[in-house]
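J.: Before I ask anything, here is the structure I am working with.
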């Protein structure tokens with residue numbers, strides 16, 4: 001069985017409650033999924049870009065913009081409760097059974113944070129290859145406020161979420177009193193295939209941090225409206241690439 005190489009995997013199931021038909025939603029005149037596909041195609045570190053979806057409509061759109069869609073994902077792997085590791089393993093099993101190939105790395109390119117720099121994808125691949133002890137890589141950005149300053153509500157009253165912090169009213173301390181905190185953002189996550197094979201885990205226990213600027217991710221219509229405004233006013237290199245000839249535009 002042939003081994004090695006980097007697969008860019010674009011997960012795009014048909015169901016979406018926050019934004020109906022989200023993966024096909026229009027952004028700058030192109031479907032949202034096209035941005036992740038082109039980011040992978042433009043990244044010199046990615047050998048193949050594959051869309052995993054349960055929808056023939058999304059599959060046709062993926063092919064139109066240059067991705068491979070050699071299979072449809074089973075419906076049971078495309079529900080609200082489906083785990084990422086399940087559709088990744090399904091893709092890896094299909095490649096092993098039908099292509100006789102097993103990639104070294106899988107780069108997750110989720111459609112929901114569409115505005116990426118392809119060069120950063122290459123940097124992420126280089127970063128994990130330079131750290132043989134890392135079992136995976138996840139992109140993160142620093143939070144403006146640490147989680148210790150968040151509050152919960154009990155019996156109608158505000159309460160701190162870190163009761164073991166001994167400092168009185170610790171949640172009123174300045175943010176500089178706490179260590180920086182980071183949020184995973186889906187900009188570019190890299191999976192070592194051997195981590196899945198040997199440990200049955202997606203990223204493993206030694207996950208390399210890949211810090212990016214804050215990322216706008218589409219969870220609801222508000223984020224989609226914001227990105228439409230941003231793309232219309234500022235543009236983006238991926239939009240330029242799409243206009244230059246990917247797909248039928």
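The values are calculated or read from the model by the stated rules, or taken from the named source; none is laboratory data. What you see is a predicted model; the values in this text were computed from it and never measured. Don't worry about glycine lacking a Cβ; one is built from the backbone with ideal geometry, like all the others, and counts go over all protein chains shown.
J.: Determine whether residue 228 is in the same structural domain as residue 80 (by TED's automatic domain parsing), over 19 Å from residue 128 (Cα atoms), assigned to a helix (DSSP H, G or I) and touching a residue at least 24 places away in the same chain (Cβ under 8 Å).
T.: Yes; evaluated as a whole, the condition is true for this residue.
J.: Only one of these conditions is not met by residue 75: (1) out of contact with any helix residue (DSSP H, G or I) (no Cβ under 8 Å at 6 or more places or on another chain); (2) farther than 20 Å from residue 202 by Cβ; (3) at pLDDT 95 or above. Which number is it?
T.: (3)
J.: Another one. Do we have residue 164 as over 28 Å from residue 200 (Cβ atoms) and assigned to a strand (DSSP E or B) here?
T.: Answer is no for this residue.
J.: Look at residue 10 and say whether it is closer than 14 Å to residue 114 by Cβ and in contact (Cβ under 8 Å) with a residue 24 or more places away in the chain.
T.: So residue 10 passes the test.
J.: For the range 157-167, indicate whether the set of residues that are closer than 26 Å to residue 21 by Cα, in contact with a helix residue (DSSP H, G or I) (Cβ under 6 Å, 6 or more places away or on another chain) and either surrounded by 13 or more Cβ atoms within 10 Å (Cβ to Cβ) or in contact (Cβ under 8 Å) with a residue 12 or more places away in the chain (or both) is non-empty.
T.: no
J.: How many residues does the range 37-62 contain that are within 17 Å of residue 73 (Cα to Cα), touching a residue at least 12 places away in the same chain (Cβ under 8 Å) and surrounded by fewer than 20 Cβ atoms within 10 Å (Cβ to Cβ)?
T.: 2
J.: Here's another thing I want to ask about it. Quick check on the range 231-246: of everything there that is touching a helix residue (DSSP H, G or I) at 6+ places or on another chain (Cβ under 9 Å) and assigned to a helix (DSSP H, G or I), which residue is surrounded by the fewest Cβ atoms within 10 Å (Cβ to Cβ)?
T.: Across the range 231-246, the extreme among qualifying residues is 237.
J.: Sort out which residues of the range 131-151 are assigned to a loop (DSSP other than H, G, I, E, B) and in contact with a helix residue (DSSP H, G or I) (Cβ under 6 Å, 6 or more places away or on another chain), and write them in order of number.
T.: 134, 135, 145, 146
J.: Touching a helix residue (DSSP H, G or I) at 6+ places or on another chain (Cβ under 6 Å) and either at pLDDT 95 or above or more than 22 Å from residue 148 (Cα to Cα) (or both): is that true of residue 173 in this structure?
T.: Taking the combined requirement at face value, the residue does not satisfy it.
J.: Just checking, how many residues over the range 76-94 are part of a loop (DSSP other than H, G, I, E, B) and surrounded by 14 or more Cβ atoms within 10 Å (Cβ to Cβ)?
T.: Of the residues in the range 76-94, 2 are part of a loop (DSSP other than H, G, I, E, B) and surrounded by 14 or more Cβ atoms within 10 Å (Cβ to Cβ).
J.: Looking at the range 178-201 only, could you name the residues that are assigned to a loop (DSSP other than H, G, I, E, B) and touching a strand residue (DSSP E or B) at 6+ places or on another chain (Cβ under 6 Å)?
T.: If the condition is that a residue be assigned to a loop (DSSP other than H, G, I, E, B) and touching a strand residue (DSSP E or B) at 6+ places or on another chain (Cβ under 6 Å), then 180, 185, 187, 188 are the ones that fit.
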